[in-house]
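The values are calculated or read from the model by the stated rules, or taken from the named source; none is laboratory data. Every value quoted in this text rests on a predicted model; they were computed, and no experiment measured them. Positions of Cβ are backbone-derived with ideal geometry, glycine not excepted, and every protein chain shown enters the neighbour counts. All accessible areas refer to the heavy atoms of the entire protein, side chains included, with ligands and DNA or RNA removed. Shrake-Rupley method; radii C 1.70, N 1.55, O 1.52, S 1.80 Å.
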Amino acid sequence: MQTMHPTLLIGPADWDAQLMPLDEFRARLDSLWRANPQAGGAIVFGNAADHAALSYLTNFTPKLEAAIALLSRDGAAQLLVGGGVNMIPAAKPLTWIGKLLPLRSAAKAVGEWSTGLPDGSGVMMIAGDAMPDAMHRDVVGAFGSTVAVDDGTAIVQAQMRRKSKRERAAIGAASVILGEAVAGLRQAKDGGITAAVLAAEHAAWRSGAQDVRSLFSLDGGRTLLPFDGPVEMAVDPLQIYLAVRQAGYWAEGFVMLSAQPQAPLIAAEAALQAALAQVAPGATPAALAQTLATATPGFSRHPVTTPSVIGIGLALQQDVAAAEPLIAGEVLSLRVGVSDPQQGAAMVSAMVAVTETGHDIFWSAV
Amino acid sequence: MTFDERLMEINRRLGERGLDRIVALHDGAHFIEKPDPILVLSGFKSLGPCAVVLERGGRVTLVVTPAWDAARAAQGRPDLHVIAADDVVNGLAGVFDGPGAAGSVGLAAMPFGIAQRIAQLIPDALPADAIVFDAARRKTDTEIAHAREAARIAELGYRHLLDIARPGVTEDELAVELRWHSKSLGAEDNFVLLCAGPHNKAVAPSHGRPLQAGDIIVVELTPSYRGQLVQICRTITVGTAGDTLRRKYALVVEAMHAGIAAAQPGRPMADVCRAINDVLEAQGYGEFCHPPHIRRRGHGLGFGSIEPGDVALDNATILEPDMLFMIHPNQYLPETGYLLCGEPVLMTAGGAVTLTAQTATLAEIEL
């Protein structure tokens, strides 16, 4: 889900070895190397807007400037972080990697690192598409012509699909905070749109959220807006989107609040419940989307909640293949949005983990 | 200067360069150091990757992603041609249907995955960043009004910080509270750089360290009001400040005021940096006036154009009325560590004027 991106990521992002021990990261790296036996190393990019893969492998959240991890098959790791040498102490608590260097000399560091790779081995570039164009040229140029650079992004994305027990716990904790934010929203909903959104956000921050994003509607859910200044009026129905991050992991929710029965909301809630009942290993996102569509006759699909099934975790949105059967360990956001020129619009959603026998609901608007 | 007058100026420069159109790009990842040509050309702050095509003659086309956000753009700027797209490159492809020379703006900062496709779409486009950002080196009347409001919010945020900072509260808790507080005052974003310690080496993003008695808090509060950033830089002691810290902070403040006094129309930005350095060098801190201790003595304020650039010795930009930038000595001193003091200034015909009601002084939190 696209929200307004903040200029600086604030909020707690220190590496918590109790929550996500080093063994968890080692297992992820082992899996990465197994998936590409020719790779002697991996270069992993992340910036404030796009760093799911970087966080997955290093725990690092690039709060300020971009970062690059240089990971070697032999276990050596270094992290290039934004700012000068004086910024490095502030970055250290955010990662298990002990060797941190300034990003400003990225090409030089990459060049030196590549000379230590085993002869004939290649390098995986992960999330390289998110790298600024100018930096990408410099970094790839630093490898010279002797090192083959493959795109390893898809490998990591595939790894990230099935969440470990610890990851599911982290998403569950984020979902609990999401629930507290929604409770704050309900309490403040009559005080005006901005007051309600701020109450929700404050509840999340107070509960230890690492990040909070919100969108709201002034037109009963037909469109969503980012905050651009205070809106004092109260609306009914009140349509809100909230995303909450905790320990690196996201939970999101679409909520509509109204004192009156709303036909679009009733239809959307029924559809969501029908789709939730089908979540289990082997079901496909396409089948879930079909259930959502057939359960809301007379309404059009809302463009904001398209696609209706997404993966969620370190990335706020990870696309899932429509025809790919769900697997145990996946965590999804199931979203249903409906609209009609006469009856209005509504969007609701649920956070759900696929288990061996069915599913666990982490949070639901229904 | 109005928004439309600036757009006419950009259009005039387009003609001077012999270009028929420019394609401006931004990835939606708003960052204090990254100028946003979309904001300059359309006034629209995007959620996702976005493009503006400015044709010679003045026609502006805005390509908005995600597609569902195009309604917001169209409502905010009904005079523009708005295209809804889920892929900014595909959206742009439909706009390019005629011959003519094109320039690109913001391409180098775009993510590689998008930039490569853009380069294929407009292979002969010349970098034209200066056309847009240089023309926006002076703020519009609206941007200046927004800057004043952002400065007011920043100062209220600082007062709030003095109320809530106490031993045991973590840097992270302070940072999130400050951002939330500024949002409650109308700021849509806030670059809150805050850290603390007995001897700071730099100002850095907050983390989980709890404040302790004897800490020195250094903070950059940078709220954005309707897309216009303004910053204040402050230093606070947790407990009573010692004499050495008081004297050294007074020195840094003196340097800042020397810089503000040196900021005069017609003089190069480098003079501002030199005036600050002179004060510090006279007290024997010459070696601390260079990296890694200090890189610059201030900077422009986006999110649109970040001209007139850094307050640095190598910046020859001539200062003009309506330029907006930060002057912050932000100096590491061996006796005290890193100290922050800085004000947003607006250039006028008579010199630089601070936008804050109260300039930096060393603050103390009573224990």
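Listed here are the residues, each with its yes/no results for (1) of a type in the set (Gly, Ala, Ser); (2) at pLDDT below 95; (3) buried (at least 17 other Cβ atoms within 10 Å of the Cβ); (4) in a helix (DSSP H, G or I).
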{"position": "B:11", "(1), (2), (3), (4)": "no, no, yes, yes"}
{"position": "B:23", "(1), (2), (3), (4)": "no, no, yes, no"}
{"position": "B:28", "(1), (2), (3), (4)": "yes, no, yes, no"}
{"position": "B:45", "(1), (2), (3), (4)": "no, no, yes, no"}
{"position": "B:51", "(1), (2), (3), (4)": "yes, no, yes, no"}
{"position": "B:63", "(1), (2), (3), (4)": "no, no, yes, no"}
{"position": "B:72", "(1), (2), (3), (4)": "no, no, yes, yes"}
{"position": "B:79", "(1), (2), (3), (4)": "no, yes, no, no"}
(request) Kindly indicate whether any position in the range B:190-210 is open to solvent by 40 Å² or more (accessible area, probe 1.4 Å), within 22 Å of the chain's Cα centre (by Cα) and either facing chain A (nearest Cβ under 8 Å) or touching a residue at least 40 places away in the same chain (Cβ under 8 Å) (or both). (result) no
(request) At least 3 residues that are more than 14 Å from chain B (Cβ to nearest Cβ) and either at pLDDT 95 or above or within 30 Å of residue B:303 (Cα to Cα) (or both) in each: list the helices (runs of 4 or more DSSP H) lying fully within the range A:135-230 that qualify. (result) A:153-161, A:165-188
(request) Determine which member of the set B:217, B:276, B:327, B:306 is open to solvent by 30 Å² or more (accessible area, probe 1.4 Å) and touching a Lys or Arg at 6+ places or on another chain (Cβ under 9 Å). (result) B:306
(request) Residue by residue through the range A:295-324, note down the ones that are within 23 Å of residue B:70 (Cα to Cα) and open to solvent by less than 30 Å² (accessible area, probe 1.4 Å). (result) A:302, A:304, A:305, A:308, A:309, A:310, A:316
(request) Could you tell me which residue of the range A:7-28 is nearest to residue B:30 (Cα to Cα), considering only residues that are among the small types (Gly, Ala, Ser) and at pLDDT 95 or above? (result) A:13
(request) Kindly indicate whether any position in the range B:167-178 is within 12 Å of chain A (Cβ to nearest Cβ) and either surrounded by fewer than 21 Cβ atoms within 10 Å (Cβ to Cβ) or part of a loop (DSSP other than H, G, I, E, B) (or both). (result) yes
(message) Taking the criterion of being touching a His at 6+ places or on another chain (Cβ under 6 Å), assigned by TED's automatic domain parsing to the domain that holds residue B:170 and in a loop (DSSP other than H, G, I, E, B), would at least one residue in the range B:265-275 satisfy it?
(response) no
(request) Consider residue A:243 carefully, then state whether it is in contact with an Asp or Glu (Cβ under 6 Å, 6 or more places away or on another chain) and modelled with pLDDT of 95 or more. (result) yes
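Yes/no matrix, rows are residues, columns are (1) open to solvent by less than 30 Å² (accessible area, probe 1.4 Å); (2) facing another protein chain (nearest Cβ under 9 Å); (3) among the hydroxyl-bearing types (Ser, Thr, Tyr):
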residue	(1), (2), (3)
A:10	yes, yes, no
A:22	no, no, no
A:38	no, no, no
A:68	yes, no, no
A:83	yes, yes, no
(message) Take residue B:84 and tell me if it is of a type outside the set (Phe, Trp, Tyr), touching a strand residue (DSSP E or B) at 6+ places or on another chain (Cβ under 9 Å), touching a residue at least 12 places away in the same chain (Cβ under 8 Å) and surrounded by fewer than 21 Cβ atoms within 10 Å (Cβ to Cβ).
(response) yes
(message) Restricting to the range A:55-97, count the residues that are among the hydrophobic types (A, V, I, L, M, F, W, C), within 21 Å of the chain's Cα centre (by Cα) and under 15 Å from residue A:22 (Cα atoms).
(response) 4
